[in-house]
Every structure is written in structure tokens, then in C-alpha cells.
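Written out below as C-alpha cells is the structure these notes cover.
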Ligand SMILES: NC(=O)c1ccc[n+]([C@@H]2O[C@H](COP(=O)([O-])OP(=O)(O)OC[C@H]3O[C@@H](n4cnc5c(N)ncnc54)[C@H](OP(=O)(O)O)[C@@H]3O)[C@@H](O)[C@H]2O)c1
């Protein structure tokens, strides 16, 4: 009988973060799809910062933690290689939650078909979680208006780079915050951002003042960290803060303190957190919104591709060290 490889979560991250002893690589007998099911060969797996939360024991988050002993949760893209389902044919590609596994059997629930001809890297970098998140956050809550100023943190990452490019295409002034000079140069020289701040080496208050002379109307928060207070201080009246992610706190035992709330009243700010699982029902509309930007060549992306299922184990840490250049993907 043929077998395939999967990776189970067997312990929760401690003070050392995500280490190889949290996982067990297992060999499983190949499953057969039953009636109304199909077998998927996963070809590309997405690695996302949220996985840190999914591994932790937090039961109050928007999604339950991965149970100890279960296959590690992740989204991905795969090809149907056997089918007993009337609506899913052999050769079609699907994306959705698949987990750290080479093969899986599904009844189709929670999976979406992938348009033929689209490159896998583009699908996972733009039309999957990053693009959907960017679009939901920016247009669902951000109310971007031409002429206004947007600052996005984690700007060279998969979500941030799409937020900035869509806002730029809509006529906003866009400033990105990233963790090294190469990423900052990519934002301004390749993506057309109006400015970029290296939060590790620049004088943040001075650079922010220089790049946002009219204040800030919209802040798309992906990271937290020192930039948060500085942006908060420059928010204009009726500004919007979209809280998408706080990666700088994901590995900290104690979260950093947030800004004082008095300016929220004085400036009548709107601060909105969101999590994509609440919006999975809107995926068709979100894809419809982002598609014209892609078709008009207004969205560039870069994918950071690792090879082989087991590369996920150490590879996920690239997201927290900032060593990923673009959407982190594992090619199986
Ligand atoms: N709300 C939702 O539903 C939702 C959905 C998807 C993603 N997210 C969130 O969106 C954010 C971006 O996700 P992504 O998938 O696009 O990841 P990404 O930006 O492609 O990769 C993560 C990046 O975060 C930056 N980073 C790591 N540690 C940092 C720190 N201490 N301070 C500041 N920046 C740090 C690094 O870039 P630098 O080199 O620039 O530091 C790293 O490359 C994450 O917080 C994620 O959790 C939320």
C-alpha cells in the first residue's frame, strides 16, 4: 500500500517559539475517497503568521487551536487526482484549509475552485488570504479616499504590499513601514509607494513627519511595535485604524501597551479589528473587487518559495525574523 507524509502538532510553542520538537512527521497509508468525496494532492502550502496563534492553547480567539496530535492547520492549493464527487472533477485545482500534508480527502466543504491557467504562486500570494485580507480590511473598513494619506506596517509582506498598491491605485498617498532597506527600496522603486520607513534603522518620528506632511487618515496595522504610537500621534480627525495583525507581539510573553484612548475621542477615530474567517462568505465579492487591479497590472507580488513539506517546520520562523521576501509558500 502506498503512503504519504503529514506533519502533526504534538506540543505548543513555549519561550523558544516554534521549534522542531513541536512537530511529528508521520507516514500514513494513502486514503481512498468515499462516495461524495475526492482525493487532493496538495501542491503548494501557505505559511502564515496566524499559525503561531493556531498552535497556542488560546480558546478565546476567532478559531479554535489545533488539537495536539492533529495535522498542523494551513491553507493551500492542490489538484484533484481521484473523485467520487459530482461537482469536483479529476484535474481541477482547489484551494482552502488543507493542513501540513501531501494528500487529503475532502467532501469539498470550505474549498474553492481555482481558475485554470493562474500560476499557483499568484493564487496564494494574491487571490488567497493575502489579497482577501487586504481587500476586506481596506474597503470593508478603511473607507479609502483619493487624496488621503495611508500608512501600512508590514508593508513589504504579503498583505501589506497589496494594501499599499490598491490604495496607491485609488489615488491615496501611501507610506509603507518595513524592516530592512531592500524591502523599503522594493516598496518605493517597484511598487510605487510614495515613501518607506525602515522601522529598525530610521528615526521614525522624523521620517514619518517628513513623509506625511498632511497627517495620516488611514493606518493599516499589520505589526504593532514602536511605529504604532508614532502613527497614532499623527492620525487626523475622523481617521481610521484597521487592526489586521500584531506580529511584533505574537512571540512576546507580555503584549506591548497600546496608545492612550483620549485621542480616540478628541480625533473621533475609528479603530476596527477584523479576522478573515468572519468574511469567508464574502470571498466571491472580494475576488471580484481585487481582480480588476490585478488585470490592470496594478498588483505586483513576490513569493518566497521553500521546497518540501518538512521545510515548513523551520521555514515558518522566517515570518517572525523578517527573512521572508514576500508570500511564504511551501512547494510540495
Ligand atoms: N486579520 C486577519 O484575518 C489576518 C489575515 C492575514 C494576515 N493577518 C496578519 O497580517 C500581518 C501580515 O501577515 P502576512 O501574511 O502579510 O505576513 P508577511 O508580512 O508576509 O510576513 C511577516 C512580516 O512581518 C514582519 N515582522 C516580523 N516580526 C516583526 C516585528 N517584531 N515588528 C514588525 N514587523 C515584524 C516581517 O517583515 P519586516 O522585515 O518588515 O519586519 C515579516 O516579513 C500579520 O500580523 C498577520 O497575522 C491577519
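Bear in mind that the values in this text are calculations on the coordinates, not laboratory data. The structure presented is a predicted model; accordingly, all values stated were derived computationally and were not measured. For neighbour counting, all protein chains shown are included, and Cβ atoms are generated from backbone atoms with ideal geometry for every residue, glycine included.
Below are the figures for this structure:
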quantity: Gaussian network model of the chain, Cα within-10 Å springs - most flexible of 48, 194, 58; calculated: 58
quantity: The chain: relative contact order as a whole-number percent, Cα under 8 Å and 6+ apart; calculated: 17
quantity: Projected-area mean, segment 3-49, by convex hull of Cα positions, square nanometres; calculated: 4.8
quantity: Segment residue 200-residue 105, length gained on full extension (0.36 nm per residue, minus Cα span); calculated: 29.7 nm
quantity: Kirkwood hydrodynamic radius of segment 250-329, Cα pairs, Å; calculated: 17.2
quantity: DSSP-defined antiparallel bridges as percent of all bridges, segment 65-219, nearest 5; calculated: 40
quantity: DSSP-defined antiparallel bridges as percent of all bridges, the chain, nearest 5; calculated: 55
quantity: GNM result for the chain, Cα springs below 10 Å: residue of 98, 166, 276 fluctuating most strongly; calculated: 276
quantity: Length-normalised contact order of segment 288-332 in % [C-alpha pairs under 8 Å, at least 6 apart]; calculated: 47
quantity: For segment 179-226: rounded, prolate or oblate by the Cα gyration tensor [a/c cutoff 1.5]; calculated: rounded
quantity: Separation between Cα centres of segment 137-187 and segment 250-304, rounded to whole Å; calculated: 11
quantity: Kirkwood hydrodynamic radius of segment 99-218, Cα pairs, Å; calculated: 15.8
quantity: Angle in degrees between helix 158-169 and the longest Cα principal axis of the chain, rounded to the nearest 10; calculated: 50
quantity: Relative contact order, percent, segment 215-325 [alpha-carbon distance under 8 Å, six or more residues apart]; calculated: 22
quantity: Average silhouette area of segment 67-141, convex hull of alpha-carbon atoms, in square nanometres; calculated: 6.5
quantity: Helix axis angle, 283-295 relative to the chain longest principal axis, alpha carbon, degrees; calculated: 70
quantity: Packing-based order for 227-240, 289-302, using average beta carbon neighbours within 10 Å, highest first; calculated: 227-240, 289-302
quantity: Gaussian network model of the chain, Cα within-10 Å springs - most flexible of 222, 214, 206; calculated: 206
quantity: Percentage of interatomic Cα-Cα distances in segment 16-132 larger than 18 Å; calculated: 55
quantity: Centroid-to-centroid separation of segment 61-79 and segment 1-48 [C-alpha atoms, Å]; calculated: 9
quantity: Ratio of Rg to Rh over the chain (Cα coordinates, Kirkwood Rh, two decimals); calculated: 0.98
quantity: Compactness of segment 44-105 - radius of gyration and Dmax, Cα, Å; calculated: 13.9, 39
quantity: Kirkwood Rh and Cα Rg combined as Rg/Rh, segment 200-250; calculated: 0.96
